[in-house]
Amino acid sequence: MKTIKLFLIAIIAFTVSATSSAQMTDHSKMKMGKTETVATKTEMIKVSGNCETCKARIEKTAKVDGVTKADWSTKTKVLTLVYDPSKVKSDDIQKKLAAVGHDTPKYKATDKAYNSLPGCCKYR
Ligand SMILES: [Cu+2]
């Protein structure tokens, strides 16, 4: 009889703790969602280029995992980047852009990368 009582108590205790931990999980998820929004960083980076083809190339190159927005203006040559700094670094994106032929303030495209750009994209 004593064993059954203990068993029942154990079940009740388990159910209660399971319920409360489930609630806690929901709560922390909500908190995390908020933090994620706050953690996004917006950065304006000058990226050399010319035309719509450059725009497509730059935005495609910049849109790696962790980047929610990459928008390059043919007028101002500024790339607006919205990204999660815990997932991706601005430096890494700039390196990638330089690798496909576009100069950024921190990384310059090699002559080889630059020369492989189509004629309309030559900005130097
Ligand atoms: Cu171009």
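Coordinate-derived values only; no laboratory data. Quick caveat, the model's predicted, so the values are computed rather than measured. With ideal geometry, Cβ positions are generated from the backbone for all residues, glycine too; neighbour counts draw on all protein chains shown.
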### Task
Give the stretch 56-69 a look and list any residue that's within 16 Å of the ligand (Cβ to nearest atom) and either crowded, with 19+ Cβ neighbours inside 10 Å or within 9 Å of the chain's Cα centre (by Cα) (or both), or say none.
ARG57, ILE58, THR61, ALA62
### First in the stretch 99-120 and free of Cβ contacts under 8 Å to residues at least 60 places away in the same chain and at positive phi, second anywhere and assigned to a helix (DSSP H, G or I) and within 16 Å of the ligand (Cβ to nearest atom), Cβ under 9 Å, 6 or more apart
GLY101/CYS54; GLY101/ARG57; GLY101/ALA113; GLY101/TYR114; GLY101/ASN115; GLY101/CYS121
### Query
For the stretch 80-124, which residues satisfy the criterion of being within 16 Å of the ligand (Cβ to nearest atom) and of a type in the set (Phe, Trp, Tyr)?
TYR114, TYR123
### Query
So which residues in the stretch 87-124 are small (Gly, Ala, Ser) and touching a Gly at 6+ places or on another chain (Cβ under 8 Å)?
ALA109, ALA113, SER116
